[in-house]
Amino acid sequence: MQMGRWAYGWLGWAETFDPYPYISFNLALPRIAAVQSLLIVMSQHRQDDTVRLRTKSDCGIKLKAERESRQVHGKSDDPLLWQWVRLSEMPQRKMDILEVLGRDQDR
């Protein structure tokens with residue numbers, strides 16, 4: 001800004017170029033704002049597309065991680081389930097053994 005004032009003063013245009021009301025400045029500023037607003041809207045639209053793609057990728061990664069964690073939990077739960085089944089069958093096995101022993105003693 002200071003450089004512009006110096007240039008206008010040096011060239012002798014300080015008195016003749018756009019006096020007090022700054023008509024040219026008031027006409028140029030809205031045009032610059034209009035161009036900038038278009039650029040801002042375009043960049044925001046591009047950022048929205050980027051965010052949408054990143055979100056889609058993150059969702060896929062999270063689903064894959066969840067699937068793998070379920071698989072790991074399934075593998076760790078299988079031995080526990082097998083042990084639980086064996087423990088639940090033990091009372092019946094004990095009763096069968098006692099019946100066999102009881103029959104052997106009766107003979």
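The values are calculated or read from the model by the stated rules, or taken from the named source; none is laboratory data. Worth saying up front: this structure is predicted, and the values here are computed from it rather than measured. In this analysis, Cβ positions are derived from the backbone assuming ideal geometry, glycine residues included, and neighbour counts consider all displayed protein chains.
I'd like to know if region 36-56 contains one or more residues that are modelled with pLDDT of 80 or more, of a type in the set (Asp, Glu) and under 45 Å from the mean Cα position of the chain (by Cα).
Yes, region 36-56 contains a residue that is modelled with pLDDT of 80 or more, of a type in the set (Asp, Glu) and under 45 Å from the mean Cα position of the chain (by Cα).
Taking the conditions (1) at pLDDT below 85; (2) surrounded by 10 or more Cβ atoms within 10 Å (Cβ to Cβ) in turn, Glu99 satisfies each one other than (1).
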